[in-house]
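The values are calculated or read from the model by the stated rules, or taken from the named source; none is laboratory data. Here the structure is a predicted model, which is why all the values come from computation and not from measurement. A quick note on method: Cβ atoms are made from the backbone with ideal geometry, for glycine too, and the neighbour counts reach across all protein chains shown.
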Amino acid sequence: MEKTIREKKHEIKMALLNFGLITLVGGFLTFLYQYFQEDRRVKADKRQAEMNILEQRRTQATVLFNEISPLIDTRLYTWRRVAWGLQDRIAEDSLRSRYNEYIQVFYTWNHNLNKNRALICRFFGPELGSKFEDYIVPEFIELHKSIIFLYRLPRSLRPIIYTDSLNSLADPLNDDIYEFNNAMAELIRSGNVGLTDPGKACDLNGN
């Protein structure tokens, strides 16, 4: 039976409607696909950028560690050499040489002190910043005073120093240095360095 003109028009309208719906749905699905693809790309780029920043901070923290740790160890070791010299009552020229070596390290330490104080706190956090400020620095000051006092005495007035009685003064500092270095190394290993702005926590002069 031949279709009427009205039926044919209806079929054409339905076909056009179906085509329009298919086009609309297809366009919407394409939009959703592109949207989620772009969202994944943006998130992946963000994660990569964050990883790059973390790696950069880890590299900077490693450089800082490789500068500060040897300086701390060298200052302690050169102090011990002067202490051993005083204890063993070595020749004055040899003692003077050890003392001058220690003083050079002492000057380097003071020249970089404020920079190192700030960077330790910024990169390794307020807890390690406070340990450096409240333990390591004051202990070095006390050891420095003890060695300066003894060295400046005339040789004839210097007291007899019993085995390791002077050097043992540095043992608590040696332990603190080991813990301090180990804590910095662990933060570098874990990547937990320089992650946040510590704000006023690093304003050590304000404490």
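What to note about this one:
- Against the test of being under 30 Å from G191 (Cβ atoms) and touching a Pro at 6+ places or on another chain (Cβ under 8 Å), the options P70, P126 yield a single qualifying residue, P126.
- Helices (runs of 4 or more DSSP H) contained entirely in segment 82-161, each with at least 3 residues that are basic (K, R) and under 30 Å from G194 (Cα atoms): 92-124
- Number of the exception - D93 against (1) surrounded by 10 or more Cβ atoms within 10 Å (Cβ to Cβ); (2) at pLDDT 95 or above: (1)
- W84 passes every criterion in (1) closer than 16 Å to F180 by Cα; (2) over 28 Å from the mean Cα position of the chain (by Cα); (3) of a type in the set (A, V, I, L, M, F, W, C) apart from (1).
- Listed conditions (1) touching an Asp or Glu at 6+ places or on another chain (Cβ under 7 Å); (2) within 19 Å of P159 (Cβ to Cβ) are all met by T78, apart from (2).
- Failed criterion for L157 (all others in (1) at pLDDT below 90; (2) of a type outside the set (G, A, S); (3) over 24 Å from the mean Cα position of the chain (by Cα) hold): (1)
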